[in-house]
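The values are calculated or read from the model by the stated rules, or taken from the named source; none is laboratory data. Just so it is clear, the model here is predicted, and its values are computed rather than measured. Glycine gets a Cβ as well: all are built from the backbone with ideal geometry, and neighbour counts include every protein chain shown. Side chains are part of the model used for accessible areas, which takes the heavy atoms of the whole protein and leaves out ligands, DNA and RNA. Shrake-Rupley method; radii C 1.70, N 1.55, O 1.52, S 1.80 Å.
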Amino acid sequence: SGTTTMDDLTITSSPVKINEELCLNNLETFAQQKSLGKKDMYDTFDLLNLWAGEKLTQIALQAESAIWQANTAYTATTHLKQFHGWIKRIDDGSPIAATQQASISTSTIRGIMEDIIFTRIPARIRSMKPVVVCGQDTFMILAQKLMVDNLYHYVVKPGEFQGYELV
């Protein structure tokens with residue numbers, strides 16, 4: 001009937017550069033810590049693979065949090081102020097507001113989820129089986145809170161639910 005409107009949303013990419021300064025004394029300490037008790041001495045490639053693996057893990061964790069939480073208005077955390085993440089984008093242009101929280105803990109998680117599920121989702125959308133998305137860390141805090149409140153009778157372990165889902 002002509003009531004549906006499609007709008008464009010421009011997502012501007014932001015180049016992100018990762019600089020790593022390496023102190024040879026720290027690398028030597030790293031090598032000694034990794035080699036004690038396992039081998040007498042790692043060869044260069046073993047050590048490089050261990051170091052690169054740890055660095056890539058740290059970068060992936062920061063990138064994941066930035067994808068969701070980044071906001072150019074931030075001043076303190078370098079990796080979160082490079083671009084706008086999904087939460088900021090959703091807040092700026094969605095009829096369903098994601099409420100940013102100073103911290104998510106077992107003290108706040110139920111209130112946050114209940115607000116989203118029972119207050120923020122408009123009635124016209126509820127019949128469409130909406131999905132609330134959160135990170136695995138937030139999901140585990142929610143599962144722990146439900147267990148502690150005796151609303152869920154066991155702790156959810158990684159892999160126990162396909163895709164970390166609660167229905």
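This table checks each residue for (1) at pLDDT 80 or above; (2) among the polar types (S, T, N, Q).
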residue: Asp91; (1), (2): no, no
residue: Ser107; (1), (2): yes, yes
residue: Gln136; (1), (2): yes, yes
residue: Phe139; (1), (2): yes, no
residue: Gln144; (1), (2): yes, yes
residue: Val156; (1), (2): no, no
residue: Gly159; (1), (2): no, no
Exercise. Restricting attention to the stretch 43-62, which residues are touching a residue at least 24 places away in the same chain (Cβ under 8 Å) and either within 15 Å of Asp137 (Cβ to Cβ) or touching a helix residue (DSSP H, G or I) at 6+ places or on another chain (Cβ under 7 Å) (or both)?
Worked result: Trp51
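Going by the conditions given, is Ile125 of a type in the set (A, V, I, L, M), at pLDDT below 80, closer than 30 Å to Thr12 by Cα and exposed (fewer than 14 other Cβ atoms within 10 Å of the Cβ)?
Numbers: of a type in the set (A, V, I, L, M): yes; at pLDDT below 80: no; closer than 30 Å to Thr12 by Cα: yes; exposed (fewer than 14 other Cβ atoms within 10 Å of the Cβ): yes.
Spelling it out, it is not the case that Ile125 is of a type in the set (A, V, I, L, M), at pLDDT below 80, closer than 30 Å to Thr12 by Cα and exposed (fewer than 14 other Cβ atoms within 10 Å of the Cβ).
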For this session: List every residue pair whose Cβ atoms sit under 8 Å apart, with the two residues 6 or more apart in sequence or on different chains, where the first one lies in the stretch 134-162 and is polar (S, T, N, Q) and the second, anywhere, is part of a helix (DSSP H, G or I) and modelled with pLDDT of 70 or more.
Result: Thr138/Ile109
For this session: Would you check which residues across the stretch 95-105 are open to solvent by less than 50 Å² (accessible area, probe 1.4 Å) and modelled with pLDDT of 85 or more and list them?
Result: Ser105
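Would you pick out the residues in the stretch 80-94 that are touching a residue at least 40 places away in the same chain (Cβ under 8 Å) and buried (at least 16 other Cβ atoms within 10 Å of the Cβ)?
Step one: filter the stretch 80-94 for residues touching a residue at least 40 places away in the same chain (Cβ under 8 Å), giving 82-83, 89, 93.
Gln82, Phe83, Arg89 - these are the residues of the stretch 80-94 that are touching a residue at least 40 places away in the same chain (Cβ under 8 Å) and buried (at least 16 other Cβ atoms within 10 Å of the Cβ).
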Problem set entry | Subset of the stretch 52-76 (residues that are open to solvent by 60 Å² or more (accessible area, probe 1.4 Å) and more than 11 Å from the chain's Cα centre (by Cα)) | Glu54, Leu56, Thr57, Gln58, Thr72, Ala73, Tyr74, Thr75, Ala76
